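Here's the structure, in structure tokens; my notes come after.
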Amino acid sequence: MKPHQPNQKRQASGIKRTLVVVGLAFAASIALTVSAVPLYYWLCEIAGIPTPQIAIGQQGEQAPHVAMVSESRIITVRFTANTGAGVPITFHPLSYTIRVPVGQPVLTAYEAQNVSPRPIDGVAVHMLYAMGGPNGVNVADHISLQQCFCFAQQHYPAQAGVRLPLSFTLLPSLPKGIHTITFSYTLFEALENDPRIRQKPILVSQTTVK
């Protein structure tokens, strides 16, 4: 049996090397898996992709525009429209009053029609009003605006109309007692280097004035 001892030693040595290689591969796979998490967040950060922030012992935070819908709390939302002096544009909301559950996304729109023979660049500014609840509340802090045409320069072609979308969500942080919120928009003709313009124009649908 002694002549076979060198072969047995070589076999044992080969098994040990195999186990070492397997162990190293397993450890490398674990390290790669662990490092993939920060790599994923790093790539998302570069690409501008939002990632959820989850802490141990806590639930994952929802995106800012996502909220739990509360069917038990319904808010009256009103929409008003005005134009600056001399602006030849008719301007009005599609709906003047709606009832909205807190946390439910809302998609509505305003319509504006340039009734003059010349094209106009305009800018709409808005104010938010709340009725009920505690004094001194900034209701804008409790509304998530996903899409708004406010403070954006918009082109209104001659003898044509545009539809201006508005999308928002009333957040669950809205103070108790508030029962009515008003979105009030005023449309002005844009000036050169207009300080009211704070964002890029939005995409709108165009119609012809009949």
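Can you list the strands (runs of 3 or more DSSP E) found entirely within the stretch 67-108 that contain at least 3 residues being free of Cβ contacts under 8 Å to residues at least 12 places away in the same chain?
none
Here is a list of conditions, (1) closer than 13 Å to residue 89 by Cβ; (2) outside any strand (DSSP E or B), and residue 140 meets all of them except one; can you say which number that is?
(1)
If we scan the stretch 109-127, do we find a residue that is closer than 20 Å to residue 77 by Cβ, among the aromatic types (Phe, Trp, Tyr) and in a loop (DSSP other than H, G, I, E, B)?
Scanning the stretch 109-127, I find no residue that is closer than 20 Å to residue 77 by Cβ, among the aromatic types (Phe, Trp, Tyr) and in a loop (DSSP other than H, G, I, E, B), so the answer is no.
Could you give every pair whose Cβ atoms fall below 8 Å, whose first residue belongs to the stretch 115-131 and is basic (Lys, Arg), and whose second residue is surrounded by fewer than 18 Cβ atoms within 10 Å (Cβ to Cβ), counting only separations of at least 6 or pairs across chains?
Note: pairs meeting the criteria are 118/158.
Does the stretch 57-68 contain any residue that is touching a Pro at 6+ places or on another chain (Cβ under 6 Å), modelled with pLDDT under 95 and either at positive phi or surrounded by 16 or more Cβ atoms within 10 Å (Cβ to Cβ) (or both)?
Yes, the stretch 57-68 has at least one match.
Of the residues that sit in the stretch 143-162 and are in a strand (DSSP E or B) and within 25 Å of residue 75 (Cα to Cα), which one is modelled with the lowest pLDDT?
Looking at residues that are in a strand (DSSP E or B) and within 25 Å of residue 75 (Cα to Cα), I get 150.
The values are calculated or read from the model by the stated rules, or taken from the named source; none is laboratory data. Values in this document were obtained by computation on a predicted structure and should not be read as measured data. Neighbour counts run over all protein chains shown; Cβ positions are idealised from the backbone, glycine included.
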